[in-house]
1. Quick one: which of 414, 440 is within 24 Å of residue 596 (Cβ to Cβ), open to solvent by less than 40 Å² (accessible area, probe 1.4 Å) and either assigned to a strand (DSSP E or B) or out of contact with any strand residue (DSSP E or B) (no Cβ under 7 Å at 6 or more places or on another chain) (or both)?
2. Here is a check on your reading of the model: is residue 550 modelled with pLDDT of 80 or more, assigned to a loop (DSSP other than H, G, I, E, B) and either in contact with a strand residue (DSSP E or B) (Cβ under 8 Å, 6 or more places away or on another chain) or open to solvent by 50 Å² or more (accessible area, probe 1.4 Å) (or both)?
3. Pick from region 575-588 the residues that are buried (at least 16 other Cβ atoms within 10 Å of the Cβ) and within 16 Å of the ligand (Cβ to nearest atom): which of them is farthest from residue 467 (Cα to Cα)?
4. Could you tell me whether any residue of region 364-378 is in contact with a strand residue (DSSP E or B) (Cβ under 9 Å, 6 or more places away or on another chain) and either of a type in the set (A, V, I, L, M) or crowded, with 22+ Cβ neighbours inside 10 Å (or both)?
5. From 288, 323, grab the single residue that is open to solvent by 20 Å² or more (accessible area, probe 1.4 Å), part of a helix (DSSP H, G or I) and at pLDDT 85 or above.
6. Here's a check for you: in region 410-445, which residue that is in contact with a Ser or Thr (Cβ under 7 Å, 6 or more places away or on another chain) and near the ligand (Cβ under 8 Å from one of its atoms) is nearest to residue 474 (Cα to Cα)?
7. Filter region 392-409 down to residues that are in contact with a Phe, Trp or Tyr (Cβ under 7 Å, 6 or more places away or on another chain) and either part of a strand (DSSP E or B) or away from the ligand (no atom under 11 Å from the Cβ) (or both), then give me how many there are.
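The values are calculated or read from the model by the stated rules, or taken from the named source; none is laboratory data. Computed from a predicted structure; not experimentally measured. No Cβ is skipped: glycine too gets one built from the backbone with ideal geometry, and neighbour counts run over all protein chains shown. Just the protein is used for accessible areas: all its heavy atoms, side chains included, with ligands, DNA and RNA removed. Shrake-Rupley method; radii C 1.70, N 1.55, O 1.52, S 1.80 Å.
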Amino acid sequence: MSPTGNRMRWLRPERSKNSSQKTAGKSFSFGMLKRAVGYLAKDAPGIFPMTLLVAAMQAAYPYIGILLSAEILTELADPGRDMEHLFFLALALVGLNFLGKRLIDFCSQVLEVMKYTAMKHVVRTVAEKAWKMDYALSADPEINETKERITHWFYGRGIMALSRQLLNIFQALLTIAISAALVVEFFRARAVGEGGMAVFLNHWSAVAVFLVLMVFSIACSILSAARGEKIYREADEAAGKPMNQMNHLLESCFTQYQRGKDIRMFQAEGLFQDRLGKLQEEFAGYYGRAHQASRILRILEQFPARVFNLLVYLFVGLKALYGAFGVGSILKYTGMVAQIGNGISRLCDSFRYFFQNFENINTFFQYLDMPNRTADGDLPLPQETLQDYEFEFRAVTFTYPGAAAPSLQNVSCRFRKGEKIAIVGRNGSGKTTFIKLLCRLCDPDQGEILLNGVDIRRYKYEEYLKFFSTVFQDYQIFAFRLGENVAAESEYQEERVKKALEEAGFGERLASLEAGLHTQLFKRFSEEGVELSGGESQKVAIARCLYKDAPYVVMDEPTAALDPVAEAEIYQRMNRFTRDKGAIFISHRLSSCCFCDRVFVFEKGQLVEQGSHGELLAAEGRYRKLWDAQARYYA
Ligand code: ADP
């Protein structure tokens, strides 16, 4: 099997499970609903009881007005009316309306606060997943697309929308239940008289007509809701991609001022505006078509509901005319009809959004459940391994997710504590990939990497990571304080951090900073933030590597941004620092190879030569060519 095929075998099932567009759970399941409820309630246990309470209050609230107004009207229509009772009813109407509204507002605010508490849990777990997911997958475009979707759902959709949607469903169900009780009362009130109409009004067939119309109206609403759900789901799926791309462009290019440099210098605004315009048109087109289709559906849904309402009003009027109840009850029963209508359309809308959104909830949990292959190992790193170690790459092949060809092919080599290895080769020859595999940022598709004879995948991942101090080519300095950047934690030993910065050649710059280690880096979050030059940033990255002081040191072009004086100093210090350790350096300046014990030469993903600097020069192979090419410039 080809390396790519091999990779797909383990990667694809996970990816397809994750793909929000293609396989995101079409089905609703109570198990998933239970999980979602438990998940939201983890940090905010009161969220669902409070949701129920607010739903009950909101459902009951309109009936205060309906029932008390009906009572007042009945009392007014009675010639022997009791003024005291009337006054009491009016007072109750105003008072309960006022208190009810205040209570609903208060509980809704408490519920909002609970939602923010629940959101903290959501943000924390999503961020944790992003940090802990297999590094190779974090570069997968499909997974990044899902990640973007999830983070944009925080506020209105996905898991965070669940409480509001359940509230709407409960409220609609309660509204319908209360109205149903009034419907029963309505049918029990009997029309008076001997005529055909009175007989019909009291006959079971009148109830049947009423119920058939009601069921027909509900069925139309449900069918329209289901169809609407499908239309919007399809629009969401299609529009999600351009929308995410647009958000990404807006966030990454317009809010990060460093990117503005190239946009200005190459006058690329037009390029960005065009791209944004196209993306906007694309997603607006999907939603435009969905809105149009849903408008037509809405008419089809509302027509039977309106006909039903009209007939019920007629029915209520006739029953009142035939003496089944007084004038006050007309208000009550017409109010009931309005509430049933409200309840039904709210229930349909709520179910539509609920099922539509359930897709997002499924995707959310599929993302969180994505297995971490790096987390499989359970062997602790033995103390002896830290003291003395040897790595071995045995016929290692690796292909990036989605790439057509392997980036490393059949690489075999050994290196041990105390040895300094230089890796050289042209751009794209696989040097960085080699160290990513060594550090377990990716795992081989074929072959194995051994540490003291044990496959590194068997070690506990967190412990294995502690084995390395690294400076990657694309190291990241974060918008935190200087000291935090070096220590990679908020609590640290200031003296050690200072020493690391001095060793990395940052001492003078540190002395010039008023807030010292507490200096905020970058202006993104703070006016007082300090911007670093490329070389200064690289020194901070080197200081972070020194501060960690791990047994093995890995550096990918660690001095590319440094001036020649700083570079020479750093190499001397790194030599001292790595004296009792193992170290691998990737460098395009071949002069650094002279300080290393052995050199690995990579070409097109293969390790084509290995040996000491002298041996490789004498061998007159690829290394010799690289060396001569560079030497020409210096000569
Ligand atoms: P080097 O460090 O020698 O310049 P790399 O190891 O970074 O080379 O890359 C080796 C090959 O792998 C290149 O062809 C590069 O395009 C490819 N590659 C690197 N990173 C990725 C990635 N995340 N996804 C797909 N291909 C990648």
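1. Details: 414 fails: open to solvent by less than 40 Å² (accessible area, probe 1.4 Å).
Of the residues listed, the single one that is within 24 Å of residue 596 (Cβ to Cβ), open to solvent by less than 40 Å² (accessible area, probe 1.4 Å) and either assigned to a strand (DSSP E or B) or out of contact with any strand residue (DSSP E or B) (no Cβ under 7 Å at 6 or more places or on another chain) (or both) is 440.
2. Working: modelled with pLDDT of 80 or more: yes; assigned to a loop (DSSP other than H, G, I, E, B): yes; either in contact with a strand residue (DSSP E or B) (Cβ under 8 Å, 6 or more places away or on another chain) or open to solvent by 50 Å² or more (accessible area, probe 1.4 Å) (or both): yes.
Judged against the criteria, residue 550 is a match.
3. First, pick out the residues of region 575-588 that are buried (at least 16 other Cβ atoms within 10 Å of the Cβ): 577-578, 581-587.
With the extra rule that they be within 16 Å of the ligand (Cβ to nearest atom), the set shrinks to 584-587.
Working: 584: 13, 585: 16, 586: 18, 587: 22 Å.
Across region 575-588, the extreme among qualifying residues is 587.
4. Kept after step one, since they are in contact with a strand residue (DSSP E or B) (Cβ under 9 Å, 6 or more places away or on another chain), are these residues of region 364-378: 377-378.
Next, from what is left, pick out any that are either of a type in the set (A, V, I, L, M) or crowded, with 22+ Cβ neighbours inside 10 Å (or both): none.
No, region 364-378 has no match at all.
5. Working: 323 fails: part of a helix (DSSP H, G or I).
So the residue among 288, 323 that is open to solvent by 20 Å² or more (accessible area, probe 1.4 Å), part of a helix (DSSP H, G or I) and at pLDDT 85 or above is 288.
6. Selected residue: 433.
7. So the first thing to find is which residues in region 392-409 are in contact with a Phe, Trp or Tyr (Cβ under 7 Å, 6 or more places away or on another chain), and the list is 406-408.
Those left that are additionally either part of a strand (DSSP E or B) or away from the ligand (no atom under 11 Å from the Cβ) (or both): 408.
Adding up the residues that qualify gives 1.
Rundown of residues vs (1) more than 16 Å from the ligand (Cβ to nearest atom); (2) aliphatic (A, V, I, L, M); (3) touching a helix residue (DSSP H, G or I) at 6+ places or on another chain (Cβ under 8 Å), yes/no style:
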residue: 326; (1), (2), (3): yes, no, yes
residue: 339; (1), (2), (3): yes, no, yes
residue: 347; (1), (2), (3): yes, yes, yes
residue: 350; (1), (2), (3): yes, no, yes
residue: 354; (1), (2), (3): yes, no, yes
residue: 367; (1), (2), (3): yes, no, yes
residue: 373; (1), (2), (3): yes, no, yes
residue: 377; (1), (2), (3): yes, no, yes
residue: 390; (1), (2), (3): yes, no, no
